[in-house]
1. Assess whether residue 201 counts as being outside any helix (DSSP H, G or I), touching a residue at least 60 places away in the same chain (Cβ under 8 Å) and either over 23 Å from residue 110 (Cβ atoms) or among the aliphatic types (A, V, I, L, M) (or both).
2. Does the stretch 245-268 contain any residue that is farther than 18 Å from residue 116 by Cα, in a helix (DSSP H, G or I) and not hydrophobic (A, V, I, L, M, F, W, C)?
3. Suppose we filter 239, 169 for residues that are part of a strand (DSSP E or B), within 21 Å of residue 150 (Cα to Cα) and among the polar types (S, T, N, Q); which single one remains?
4. Restricted to the stretch 94-142, and to residues that are in a helix (DSSP H, G or I) and of a type in the set (Lys, Arg), which residue is nearest to residue 178 (Cα to Cα)?
5. Check the stretch 43-56 and report whether any residue there is under 26 Å from residue 173 (Cβ atoms), surrounded by 15 or more Cβ atoms within 10 Å (Cβ to Cβ) and among the basic types (Lys, Arg).
6. Hey, could you check the stretch 68-93 for residues that are in a helix (DSSP H, G or I) and among the hydrophobic types (A, V, I, L, M, F, W, C) and say which is farthest from residue 11 (Cα to Cα)?
7. Do you know which residues across the stretch 79-102 are touching a Leu at 6+ places or on another chain (Cβ under 9 Å) and either among the small types (Gly, Ala, Ser) or more than 16 Å from residue 134 (Cα to Cα) (or both)?
8. Consider residue 176 carefully, then state whether it is closer than 22 Å to residue 110 by Cβ, touching a residue at least 60 places away in the same chain (Cβ under 8 Å), surrounded by fewer than 21 Cβ atoms within 10 Å (Cβ to Cβ) and not hydrophobic (A, V, I, L, M, F, W, C).
Amino acid sequence: MNDLKLYQIKKGREILVALKRYGIMNRKTLQKVVPSIKHQRNFRRTLESLCERQLIVKKYDTVFGITGIFYQLNQRPRIREMLAHYLDCEAEHVKQRQYNYKELFHEQISALIAYDLNKNFPEALVLRDFELARSLEAQKVIPHLNLFDQPKPDVLLLVPSLTNGRIISVAIEFERTAKSKDRILHKLKYYTANTHIDGVIYICSKNRIINNLNEIYDSKVLERAVRIKHYGKNFLLTSVFANDVEKSLNQLRNQNNFYYPLTDYIINLKQYSNADRRDHHFEQRPTVCVDEN
């Protein structure tokens, strides 16, 4: 540990914590999730210092002729051990997968979604996809998370309900590009039939992607989804991403084209057990739960 003098790192620790919590990010995204380092000059210096110490590494991507730089915790085993010791966690909790260039923009939005959820639901557990397999709480909601080909949401929100002791679980997906119909169908069927997830939110870059998603859900999933059919019009919510994560989460649209914010959705999920939920509950202003006061 002494050769890297980690004890000298001050503001850099916040960046390391953010990269551990949210995954690979560019400087613009990092500055949003680490607002305490206010000046860009200081931010750049801190990033360069962490790179020089080999605690983080740079990834490069070129879009429309412009090269972007992305930062990730160094995944070399020895460095992971050092980071784990410094961040007071297990080395396994610092482990992250390698990303190809097509995923880098997707990861920025997923990181911002997780950050916004942490900010607005401080009592909740917010997990990125690379954290799910080692979370006992996530395993109770989504089985077989250790399997390589297991469907996993980009972000999983777990909100405790103090009134009845239940945990409300919402899977959140960001879709930048259209996926194949078979892939969408497989994931939607899995979420509705083979998990204990209470709701799914898809934030998509285009209305065309949402229309395709809703058509598959309505025609091939909902009628056979016994577990959630009684509130099926509000199990799957969608939103168009317009470069503002918070706005997207506050304009969720159900299958009846009714709009409401995520906070209202969570309140309704808390108020009713799975068996008691009905679609009309979600299309009226909810009564605030006791544990929301």
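1. On the way: outside any helix (DSSP H, G or I): yes; touching a residue at least 60 places away in the same chain (Cβ under 8 Å): yes; either over 23 Å from residue 110 (Cβ atoms) or among the aliphatic types (A, V, I, L, M) (or both): yes.
Yes, satisfied.
2. Taking the stretch 245-268 first, the residues farther than 18 Å from residue 116 by Cα are 253-259, 268.
Filter once more, keeping what is in a helix (DSSP H, G or I): 268.
Then drop every residue that is not not hydrophobic (A, V, I, L, M, F, W, C), which leaves 268.
Scanning the stretch 245-268, I find at least one residue that is farther than 18 Å from residue 116 by Cα, in a helix (DSSP H, G or I) and not hydrophobic (A, V, I, L, M, F, W, C), so the answer is yes.
3. Details: 239 fails: within 21 Å of residue 150 (Cα to Cα).
Of 239, 169, the one residue that is part of a strand (DSSP E or B), within 21 Å of residue 150 (Cα to Cα) and among the polar types (S, T, N, Q) is 169.
4. Here is the first cut: in the stretch 94-142, the ones in a helix (DSSP H, G or I) are 94, 101-120, 129-134, 136-141.
Next cut, of a type in the set (Lys, Arg) only: 102, 119, 134, 140.
Numbers: 102: 13, 119: 29, 134: 29, 140: 30 Å.
Per the stated criteria, the residue is 102.
5. Step one: filter the stretch 43-56 for residues under 26 Å from residue 173 (Cβ atoms), giving none.
No.
6. Checking each candidate, the answer is 91.
7. 79, 80, 82, 83, 85, 86, 87, 91
8. Numbers: closer than 22 Å to residue 110 by Cβ: yes; touching a residue at least 60 places away in the same chain (Cβ under 8 Å): yes; surrounded by fewer than 21 Cβ atoms within 10 Å (Cβ to Cβ): yes; not hydrophobic (A, V, I, L, M, F, W, C): yes.
Taking the combined requirement at face value, the residue satisfies it.
Each reported figure results from applying straightforward, stated rules to the coordinates on display, with no laboratory input. Given the structure is predicted, the values throughout are model-derived calculations rather than measurements. With ideal geometry, Cβ positions are generated from the backbone for all residues, glycine too; neighbour counts draw on all protein chains shown.
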